[in-house]
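Student: Have a look at the structure that comes next, please.
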Amino acid sequence: MDKKRIFSGIQPTGCITIGNYIGAIDNWLKFQEEYNCIYCVVDMHSITVRQDPAQLRERAMSFLAQYIACGLSPEKSTMFFQSHVHEHAELTWVLNCNSYIGELSRMTQFKDKSAKHQTNLNMGLMDYPVLMASDILLYDTALVPVGVDQKQHVELARDIAIRFNNAYGDTFVVPEPFIPSYGAKVYSLQDPVAKMSKSDSNANATISIIEDSDSIIKKFKKAVTDSDNRIAYSPQDKPGVSNLITIYSAMTGKSIVDAELEFEGQGYGTLKMRTADAVVERLRPIREEYDRLINDKAYLLDIAYKGADKASEIASVTLKKVYDKVGFVAKK
Ligand code: AQP
């Protein structure tokens, strides 16, 4: 029997953080055996915010190397750059004509990003979730592993799929989001009520998965906690401490309850240092493998090109079906 399909991706902006790792990539790894996985570097999403072209190109390659360094296997998973499979853009147009301005303008990410990028309020910012719906729907995706911040977008993809199926007959598989039971939202080390974000301008707020050990330790030492010096997991009252416990637990594989017990009676300094050590240990092999891979551009491109060919084989069948359903004359 065919395995069910998974699709997920990260946009090459900023640097891949431990938030992306815990909320997304760590789950991608677990799915590799059981599912047919497609993991994309979604470069088309990233230009909704102005990017330096040379830096974007370099980052896209770096993100692919980081995917592989994290343990994603080109033998098991399909990896490619979104812009190499033109069906993503083409399906977006059709789905745009089946999406409403009202629902898109209500998306939390659109509201946040449009507030942040007042001088570049482009259509792409609003259209981001429709492109994401195309990413997902092109591949008959059953499950989309994402952090909690992207759940709303997966729900919109479901709505669009159902709407299209109702209008034109059964076409798309209706996808389900997969949100991890913990670590679905890792918070900023400097503002622990805000999401740890790849492109945060405050470098102390985030940890990159290829960051060097000294820098990781320094940032955890500076992490914002509170003044009551009691280690307990309580996200409402103690967001900073709870965030550190979440990170510790995700990096060591221990449950939140076990981590809380382990730190009972200890000071915040211990929690920060032990969390930093756990992160350093978990990321060390990733950084070593990344350093090796990033110098082998030919290998990375070979994976991306083969991945795009494989992805396009599936995507072209879906797009053809969609074009036929909406009434376009068949190509020769
Ligand atoms: N802090 C987080 N905690 C848990 N999961 C997270 N994800 C992102 N941040 C966290 C998950 O990582 C995947 C890829 O994210 P993305 O780059 O495609 O989208 P994003 O949510 O816009 O990420 P950022 O970090 O906030 O990027 P910038 O700063 O460039 O806008 C998604 O599955 C996301 O849920």
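The values are calculated or read from the model by the stated rules, or taken from the named source; none is laboratory data. If you're wondering where the values come from, they're calculated on a predicted model, not measured in any experiment. In this analysis, Cβ positions are derived from the backbone assuming ideal geometry, glycine residues included, and neighbour counts consider all displayed protein chains.
Student: What do you reckon, is THR206 in contact with a helix residue (DSSP H, G or I) (Cβ under 8 Å, 6 or more places away or on another chain) and within 11 Å of the ligand (Cβ to nearest atom)?
Tutor: Criteria met by THR206.
Student: Could you tell me whether segment 143-154 includes any residue that is at pLDDT 95 or above and more than 17 Å from the chain's Cα centre (by Cα)?
Tutor: Looking through segment 143-154, none of the residues is at pLDDT 95 or above and more than 17 Å from the chain's Cα centre (by Cα).
Student: Being within 16 Å of the ligand (Cβ to nearest atom) and part of a helix (DSSP H, G or I) is the filter here; which residues of segment 105-117 pass it?
Tutor: THR108, GLN109, PHE110, LYS111, ASP112, LYS113, SER114, ALA115, LYS116
Student: In addition: Of all residues in segment 26-45, which are free of Cβ contacts under 8 Å to residues at least 60 places away in the same chain and either near the ligand (Cβ under 7 Å from one of its atoms) or farther than 17 Å from MET132 by Cα (or both)?
Tutor: LEU29, LYS30, GLN32, GLU33, GLU34, ASN36
Student: Only one of ILE303, ILE314 is touching a residue at least 12 places away in the same chain (Cβ under 8 Å), in a helix (DSSP H, G or I) and touching a Pro at 6+ places or on another chain (Cβ under 7 Å); which?
Tutor: Result: ILE303 is the single residue among ILE303, ILE314 that is touching a residue at least 12 places away in the same chain (Cβ under 8 Å), in a helix (DSSP H, G or I) and touching a Pro at 6+ places or on another chain (Cβ under 7 Å).
Student: Given the conditions (1) more than 14 Å from the ligand (Cβ to nearest atom); (2) free of Cβ contacts under 8 Å to residues at least 40 places away in the same chain, and given that GLU155 satisfies all but one, which numbered condition is not satisfied?
Tutor: That leaves (1) as the condition not met.
Student: Is segment 136-148 home to any residue that is among the polar types (S, T, N, Q) and either outside any helix (DSSP H, G or I) or away from the ligand (no atom under 13 Å from the Cβ) (or both)?
Tutor: Yes, some residue in segment 136-148 is among the polar types (S, T, N, Q) and either outside any helix (DSSP H, G or I) or away from the ligand (no atom under 13 Å from the Cβ) (or both).
Student: One residue is enough: does segment 128-146 have a residue meeting the conditions touching a Gly at 6+ places or on another chain (Cβ under 9 Å) and surrounded by fewer than 18 Cβ atoms within 10 Å (Cβ to Cβ)?
Tutor: No: zero hits.
Student: I've got another one for you. Taking SER227, is it part of a loop (DSSP other than H, G, I, E, B), loosely packed, with under 13 Cβ neighbours inside 10 Å, touching a helix residue (DSSP H, G or I) at 6+ places or on another chain (Cβ under 9 Å) and not assigned by TED's automatic domain parsing to the domain that holds GLY9?
Tutor: no
Student: Does segment 172-180 contain at least one residue that is more than 11 Å from the ligand (Cβ to nearest atom) and farther than 25 Å from LYS321 by Cβ?
Tutor: The answer is no; no qualifying residue exists.
Student: Further, regarding this structure: So VAL174 ticks every box in (1) under 19 Å from ALA278 (Cβ atoms); (2) surrounded by fewer than 20 Cβ atoms within 10 Å (Cβ to Cβ) but one. Which box is left unticked?
Tutor: (1)
Student: Any residue in segment 2-18 that's touching a residue at least 60 places away in the same chain (Cβ under 8 Å) and more than 6 Å from the ligand (Cβ to nearest atom): show its pairings with residues that are assigned to a loop (DSSP other than H, G, I, E, B) and of a type in the set (Asp, Glu) at Cβ separation under 6 Å, as long as the two are six or more apart or on different chains.
Tutor: Close Cβ pairs (under 6 Å, with a partner that is assigned to a loop (DSSP other than H, G, I, E, B) and of a type in the set (Asp, Glu)) amount to ARG5/ASP140.
Student: Could you please find all residues in segment 185-215 being farther than 25 Å from LEU56 by Cβ, touching a residue at least 40 places away in the same chain (Cβ under 8 Å) and surrounded by fewer than 21 Cβ atoms within 10 Å (Cβ to Cβ)?
Tutor: Within segment 185-215, LYS185, VAL193, SER213 qualify.
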